[in-house]
1. Select, from A:N39, A:N66, A:N106, the only residue that is in the same structural domain as A:K171 (by TED's automatic domain parsing) and not hydrophobic (A, V, I, L, M, F, W, C).
2. Only one of these conditions is not met by B:A91: (1) surrounded by fewer than 17 Cβ atoms within 10 Å (Cβ to Cβ); (2) part of a loop (DSSP other than H, G, I, E, B); (3) touching a residue at least 12 places away in the same chain (Cβ under 8 Å). Which number is it?
3. Given the structure, is A:D116 touching a Ser or Thr at 6+ places or on another chain (Cβ under 9 Å) and of a type in the set (D, E, K, R)?
4. Can you tell me which residue within segment B:13-59, out of those that are within 9 Å of DNA strand D (Cβ to nearest atom) and over 24 Å from A:R217 (Cβ atoms), is surrounded by the fewest Cβ atoms within 10 Å (Cβ to Cβ)?
5. Collect the residues in segment B:124-135 that are of a type outside the set (D, E, K, R) and closer than 16 Å to B:R100 by Cα, keeping them in residue-number order.
6. Give A:I78, A:I83 a once-over and let me know the one that is more than 16 Å from DNA strand D (Cβ to nearest atom), within 30 Å of A:I126 (Cα to Cα) and surrounded by 17 or more Cβ atoms within 10 Å (Cβ to Cβ).
7. If the requirement is being away from DNA strand D (no atom under 16 Å from the Cβ) and either in contact (Cβ under 8 Å) with a residue 60 or more places away in the chain or part of a loop (DSSP other than H, G, I, E, B) (or both), which of these qualifies: A:L121, A:L132?
Number of protein chains: 2
Amino acid sequence: MPNRNISKSVIKRLPIYLRILDQLIRRDVEMISSKELSNESGFTAEQIRKDLAYFGAFGTRGAGYNTLFLREKIIKIIGLDSITDTIVIGAGNLGTALTRYNLTKNPYVNVIAAFDKNPDLIGKQIDNLEVLPIEKAPEVIKEYGIKVCLITVPANAAQEVADLVVKHGVKAILNFAPAKLSVPEGVHVHNADLTIELQSLIYYSSAEEERLTRVAREAKDKKPKPSKSFTYD
Amino acid sequence: MPNRNISKSVIKRLPIYLRILDQLIRRDVEMISSKELSNESGFTAEQIRKDLAYFGAFGTRGAGYNTLFLREKIIKIIGLDSITDTIVIGAGNLGTALTRYNLTKNPYVNVIAAFDKNPDLIGKQIDNLEVLPIEKAPEVIKEYGIKVCLITVPANAAQEVADLVVKHGVKAILNFAPAKLSVPEGVHVHNADLTIELQSLIYYSSAEEERLTRVAREAKDKKPKPSKSFTYD
DNA sequence: TAGATTGTTAATCGATTAACAATC
DNA sequence: TAGATTGTTAATCGATTAACAATC
């Protein structure tokens, strides 16, 4: 029985299952058990079975999952059964790389346009796309029914760009800018802030034990006297 | 009392607090309450207080947190108090963009070298860095004591690259390749798989309700007969 | 002292894991 | 029928939220 309100964690794992199924199918594997999917993905077999069961009974007891069938189902669950057109806003280094990257690597998604407000970048060629002025974005969003947008502008421009695209119908934003975006109910934002990924990784790259002990010890001694001047308003 | 084994979710939030503190300090704000930090970050005030309390008592009751003091603490907790040198392996579009991006945007991290095995890319100039052959990586890792590495090679080369860098002392990998990496105990991998981010976002970009109902209905009718031929070995 | 806000303990919620009956 | 593996329910675990005493 399909359950509404499926958690984000479950949804994040679906594309990983999809990728593995793609690989298996390329190798002509027809059936796969949750146990074997576990080996490939690193998630537990129980979790995989539970994830899939949210959407239906796709397997065969005693036999496992038919790879082609399961892939088909996951594609439809995610909504990848027709190619998703998307746009990139911000044609700097990262935006350019992502535009190229997605055009070549991802069979389910197609970057149809890239935008910027910097006159030096407008007109620039990214493979066979030309960078358009940001003013053209509303028109393109409407004409192609764009629902998904990548934002790769600097932090201070991100909210403004988000407001613009949401106003014209975008429902989901992949935000690479190091900024929190406010969006209306029903619009989804995923943050792909690489600085944050990298910094949280640094935490694990050296001996935390002694670092934390020192921090805690120092906090007691050196805490500054509270002052009310210049407080946040 | 500093608690060991702090959860990944907590650690992922620390860089966000840090970024907000950086902004506040730039605006000369001296004190900030958990309530106000909540407004800026989108996390609840309770969660922020709890997160910080894992590491020590950094605030002042009745007054809030001193921004400079708290920033200093978070920097030390994460381990950003000295610049972290890092390397990028894979100098394609994404690797090049990240090399440029990190050099300019992140005061706590420094990309000191980029590597590739493609002769066409070796020798290429990325700002003031020259792309080096992958064979030089072990030497650079050892000489600079590199503990953190970004992997931006194609999926089929990612494991091999991971093995290489781990062998020479890397403890943390930010993996952009769409592949699961196996690493020994004590080495940390964060996956920044943009395809997966994008695909899981697509799930939310259109009306899921009807899509899921259809998937579940179809699953009953059309499930293929199980076959044992060509199974996974 | 009164008002504000932290730090911490307890309660709740949600997600993962374990167990096992159903069934191919 | 016996062996295998799913789908589902129950138990556990962990993380978030709520509450409030401590204290500036």
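1. On the way: A:N39 fails: in the same structural domain as A:K171 (by TED's automatic domain parsing); A:N66 fails: in the same structural domain as A:K171 (by TED's automatic domain parsing).
Answer to the selection: A:N106.
2. (1)
3. Answer is no for this residue.
4. Filtering segment B:13-59 for residues that are within 9 Å of DNA strand D (Cβ to nearest atom) and over 24 Å from A:R217 (Cβ atoms), the one surrounded by the fewest Cβ atoms within 10 Å (Cβ to Cβ) comes out as B:E46.
5. Step one: list which residues in segment B:124-135 are of a type outside the set (D, E, K, R), which gives B:125-126, B:128-129, B:131-134.
Of everything in segment B:124-135, those that are of a type outside the set (D, E, K, R) and closer than 16 Å to B:R100 by Cα turn out to be B:Q125, B:I126, B:N128, B:L129, B:V131, B:L132.
6. A:I78
7. When all the criteria are applied, what remains is A:L121.
Residue-by-condition table, conditions (1) part of a loop (DSSP other than H, G, I, E, B); (2) assigned by TED's automatic domain parsing to the domain that holds B:V166; (3) at pLDDT below 75; (4) polar (S, T, N, Q):
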site	(1), (2), (3), (4)
B:E185	yes, yes, no, no
B:Q199	no, no, no, yes
B:Y204	no, no, no, no
B:E209	no, no, yes, no
B:R214	no, no, no, no
B:K220	no, no, yes, no
B:S227	yes, no, yes, yes
B:F230	yes, no, yes, no
B:D233	yes, no, yes, no
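The values are calculated or read from the model by the stated rules, or taken from the named source; none is laboratory data. As the structure is a computational prediction, the values presented were derived from the model and not from experiment. Methodologically, a virtual Cβ is constructed for each residue, glycine included, from the backbone with ideal geometry; neighbour enumeration extends over all protein chains shown.
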